[in-house]
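Comments concern the structure below.
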């Protein structure tokens, strides 16, 4: 399969339209929402935290990520 090159995004053809009321549209929407949730930046509280060990740091990190 050859590779097509375009000078700008405006020259590219649009994606094919999706059928209305297609059940696959809902799955696609949920997949995109999950991708957006995973790509959002992580929120860390300001300040410095000290940990006594690497394991303690990992537990605190996993607890913070599961709380979101």
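The values are calculated or read from the model by the stated rules, or taken from the named source; none is laboratory data. Remember, predicted model here, so these are calculated numbers, not experimental data. A quick note on method: Cβ atoms are made from the backbone with ideal geometry, for glycine too, and the neighbour counts reach across all protein chains shown.
Selection of segment 13-68 for residues being surrounded by 10 or more Cβ atoms within 10 Å (Cβ to Cβ) and touching a residue at least 24 places away in the same chain (Cβ under 8 Å) yields an empty set.
Out of 21, 35, one residue alone is out of contact with any helix residue (DSSP H, G or I) (no Cβ under 8 Å at 6 or more places or on another chain) and on the phi < 0 side of the Ramachandran plot. It is 35. Candidates in segment 29-44 are the residues that are outside any helix (DSSP H, G or I) and more than 9 Å from the chain's Cα centre (by Cα); of these, the one that is farthest from residue 62 (Cα to Cα) is 41. Would you check if there is a residue in segment 53-60 being at pLDDT 90 or above and part of a loop (DSSP other than H, G, I, E, B)? There is at least one residue in segment 53-60 that is at pLDDT 90 or above and part of a loop (DSSP other than H, G, I, E, B).
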